[in-house]
There are 4 protein chains.
Amino acid sequence: MLYIGTVSATGQGIGRPRDRSLDGAILAAARELLAEVGYAQVTMDATAVRAGTSKAAIYRRYKSKAELMFAAGVHGAEANPPADTGSLRDDLFALGARIRADMSAPTAREVAPHVIAEVVHSPEVSQRLRGVFVATERREIEAILSRAVLRRELPVVPTVATVHRMLGGALFFTIMVIDERVDDAELARVVDALVAGIHALVGQT
Amino acid sequence: MLYIGTVSATGQGIGRPRDRSLDGAILAAARELLAEVGYAQVTMDATAVRAGTSKAAIYRRYKSKAELMFAAGVHGAEANPPADTGSLRDDLFALGARIRADMSAPTAREVAPHVIAEVVHSPEVSQRLRGVFVATERREIEAILSRAVLRRELPVVPTVATVHRMLGGALFFTIMVIDERVDDAELARVVDALVAGIHALVGQT
Amino acid sequence: MLYIGTVSATGQGIGRPRDRSLDGAILAAARELLAEVGYAQVTMDATAVRAGTSKAAIYRRYKSKAELMFAAGVHGAEANPPADTGSLRDDLFALGARIRADMSAPTAREVAPHVIAEVVHSPEVSQRLRGVFVATERREIEAILSRAVLRRELPVVPTVATVHRMLGGALFFTIMVIDERVDDAELARVVDALVAGIHALVGQT
Amino acid sequence: MLYIGTVSATGQGIGRPRDRSLDGAILAAARELLAEVGYAQVTMDATAVRAGTSKAAIYRRYKSKAELMFAAGVHGAEANPPADTGSLRDDLFALGARIRADMSAPTAREVAPHVIAEVVHSPEVSQRLRGVFVATERREIEAILSRAVLRRELPVVPTVATVHRMLGGALFFTIMVIDERVDDAELARVVDALVAGIHALVGQT
DNA sequence: GAATAAACGAGACGGTACGTCGCGTCTTAAG
DNA sequence: CTTAAGACGCGACGTACCGTCTCGTTTATTC
């Protein structure tokens, strides 16, 4: 879900080459600890020990604990846009189901609050968040809405940001803040209401 | 907005009574520092100095920095339910505007992420959050929806939780996560879509 | 052994009179704790609780922890000069045995090091120590030596301070510093050597 | 004079080696502060600042303030046994003069009381004290007495411990407890008495 | 008998130091 | 040049204790 990205250059060239297997070991160790003890209790020392390496190796790859945690909180950030289901309603449901899954991942639940805590202080984090994560979701929503227009379900594409807010917000808020699970029935209610809202936004009664 | 609550007992009874003026001084100091330097940079020592007291006095009232920050992040938690505006749409707009204001407060923006970070680990925090903050908002929404039913705008009261998720979620997500401001026009779009969604939920076309 | 003395005035006169039973309760509590946990681990709060009273009552009697500990470390400071045994050697042995007993008392062993730690910094403590404790012992030694002169064991009274240093020092050093017990045989050796030394000091071969 | 010894392992081997220059800086800082403000007023923070380092570096070397103070109270513990002066009396005077100097050192006067305060509670401290400090002095006294036997001043070597008690005790007691200076005349009196006592111990009239 | 004045218990208060912990950097030897 | 190991500077945390204070209450003496 989140993708904030690592920072360090590859370091290819002269000298001893970087041990690529450490990349995975470090991330795996970080993810495990994240899930086991939680963000605040993860320490760089413990991560290094778990990964069978040293702090120096970690700091050569991530410039801070926050960077490492961000990286560890990311699934793969791979763009796997849900396929066309044939209707606006089902497309939104499929997207909602994927977002729900992403947000429910333990590592995501650990890391997300700390990312949004930094948003206020770091324009850079704020921009990376919008540029990668938000932009991806909005692109997917735009694709879904465009398909609906092609399908003649909608006359025009409504404000993408508004749709995004309502779908993503409802899920984020419920899962992260209210700490409730979203079952399929509830997701269906949200999506149904959202579809009605979308029609209202584009001026259909 | 947030109310997590202090923990310490009142201490009434025998012995020197708590200096009630310190309660305010400590909270004020914490709020000022929170707004000035941000959650992570607030220190208990600095708070004590700013409040003109000592760490011991703070720890007599809050059992950790987190508790103090939570308390400081609370506005007043006063229930000031928006008055009846005469229509469902305007009632929701007014409520949305108040929630927007609460969430935009600097102290709330600082503290909220840390609260939701603890939700996963502390059932107690989770319950306090739901029991106070969420319950209050849902009660207000229920009142609004009930008035709409009385007004014959709606045939029955729809699922309150769903409405809450969509309104609160859209605002929280936009303000805290996406880090965008919500102007009146955008709030109107959200509320309009939500009203349409509410009608859909209760089975009107 | 040590007598440093309490400080507070009696407080007789108008108002509620001091509860004299507290005097004993406080001292007893302090002595018990001193023996149980040691000087550093005795706290004023614990002493108050043990004595069934409050810190205020203690601080009305002693102006600091050090004062209380000093008082608690004192036996009775009662002057009970050993009776005339009939010979210099036996008089010194009897005195040595009493000093040995005083120094071996658990409370004395706890308090004495802290008293001598203050000697360097507080001329007042230094003077009180010399004026009460040292002066008493030297008076006793002078009495013993005078009796020996009367008995014709010695031609004149030697330097009292030197005799005091050697007897008191040997015992203090062995018990407090070297942490060895002084049995009667060893005490006898010390006293015998001291008697010979005394004769040397007054010029007898 | 006192040697209690540091505790931490050398830390030789892999990893960044201990900065040996810090060892000296920390000890020097501790000694300075000890002499300037006294044991109780020395703080670990101030010591760290004075040494140009951090508390962590100190605690890596000493496991508590007491350990550091003990180490700082030690002169050099270098065994510099006084040379043969040609007579028992002068050998003892020379040794007494050196002990007097050691005990008069400000750091020793500060630390010694606290060491002997711990003797009662810590068998380890008690043993270290006896094993290093007492053993060294007794070895020196034994050497002196053996030379006297070779010189035919004495028929046999008397009980070393008794001689040690009387010499060391008289000095310790006078300097640390009674808080009086020991001038050469007084030291001579003590030594003369002691020599007579030694002869008595070995059976000469 | 009421007023006064101080002792009492309980416990909060300001201050200060302790010892611990984690971050991110630096330094070594080994590869 | 990377790695493993671990020391380093920094700075905050939460705890503990001292000696003071502020209450409400109790207990004598004085008016």
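Where the label is 7 Å out from Cα toward Cβ, how close does residue C:152 come to the same position in every other copy, in nm, shortest first?
3.7, 13.9, 14.8
Starting from the Cα of residue B:55, step 7 Å along the direction of its Cβ; do the same at residue A:132; then give the gap between the two resulting points in nm.
Result for the modelled spin labels: 3.7 nm.
Any idea what the dipole of the protein assembly as shown comes to, in debye rounded to 20, about its Cα centre with Lys/Arg Cβ at +1 and Asp/Glu Cβ at -1? Don't skip to the end; give the middle numbers.
Working: 96 positive and 96 negative charges, 33 e Å.
Here the protein assembly as shown has a charge dipole of around 160 debye.
Mind pulling the angle between the C-alpha long axis of helix B:135-150 and the longest principal axis of chain B? Nearest 10 degrees, somewhere in 0 to 90.
For helix B:135-150, the angle is close to 20 degrees.
Cα centroid distance between region B:165-190 and region D:45-96, in Å?
Each part reduced to its Cα centre gives a spacing of 69 Å.
For region C:65-140, just the Cα set please: Rg and Dmax, both in angstrom.
Rg, Dmax (Cα atoms, Å): 13.8, 44.
Given label points at 7 Å from Cα along Cα→Cβ, what nm distances, shortest first, separate residue A:123 from the same residue in every other copy?
4.6, 6.7, 6.8
Give me the Kirkwood hydrodynamic radius of the protein assembly as shown in Å, from all C-alpha pairs, to one decimal place?
Values: mean 1/r = 0.0294 Å⁻¹.
About 34.0 Å, per the Kirkwood formula over Cα pairs.
Taking the label point 7 Å from Cα in the Cβ direction, how far apart in nm is residue B:83 from each other copy of itself, listed shortest first?
5.8, 10.2, 10.6
With charges only on Cβ, +1 for K and R and -1 for D and E, what is the dipole size of region B:112-162 about its Cα centre, in debye, rounded to 20?
Details: 7 positive and 6 negative charges, 52 e Å.
In total the dipole reaches around 260 debye.
Considering every residue in D:157-169, what mean count of other chain Cβ atoms within 10 Å of its Cβ is obtained? The partial results should precede the final answer.
Details: counts 0, 2, 4, 0, 5, 7, 3, 4, 15, 12, 4, 6, 15.
Average per residue, whole number: 6.
Sum -39500 (n - 2.57) across every DSSP H segment of at least 4 residues in chain C, then divide by the residue count to get the 222 nm mean residue ellipticity, nearest 500.
Numbers: 10 runs with 126 residues, N = 205.
The per-residue figure over chain C is -19500 deg cm²/dmol.
Let me confirm one metric for peptide C:110-116, namely the mean number of other chain beta-carbon atoms within 10 Å of its residues' beta-carbons. Working shown, then result.
Working: counts 3, 1, 4, 11, 4, 2, 12.
Mean shielding by partner chains, rounded to a whole number: 5.
Considering Cα pairs under 8 angstrom that are at least six residues apart, work out the relative contact order of chain C and quote it in whole percent.
Numbers: 206 pairs, mean separation 48.7, N = 205.
In percent, rounded to a whole number, it is 24.
How far, in whole Å, is the nearest Cβ of chain D from the axis relating it by rotation to chain B, and which residue carries it?
D:45, 7
Residue C:55: which lysines have alpha carbons under 16 Å from its alpha carbon, excluding same-chain residues fewer than 8 sequence positions away?
C:63, C:65
How big is the convex hull of the Cα atoms of region D:84-205, per residue, in Å³? Please report the intermediate quantities before stating the final value.
Numbers: hull volume 13.3 nm³, N = 122.
So the per-residue hull volume is 109 Å³.
Using a cut-off of 11 Å between beta-carbons, work out the net charge of the residues near residue D:19 (Lys and Arg +1, Asp and Glu -1, residue D:19 not included). Don't skip to the answer; put the middle values down first.
Details: positive: D:16, D:18, D:20, D:60, D:61; negative: D:23.
Here the count lands on +4.
Regarding region A:124-164, what are the three Cα extents along the principal axes, ordered largest first, in Å?
The Cα atoms of region A:124-164 stretch 40, 14, 9 Å along the principal axes, largest first.
I need two numbers for chain B: Rg to one decimal and Dmax as a whole number, Cα atoms only, in Å.
19.7, 67
Since every read-out is calculated from the coordinates, none of them should be taken as a lab result. Please read these numbers as outputs of a predicted model, since none were measured by experiment. Cβ coordinates were reconstructed from backbone atoms using ideal geometry, including for glycine residues, and neighbour counts include every protein chain displayed.
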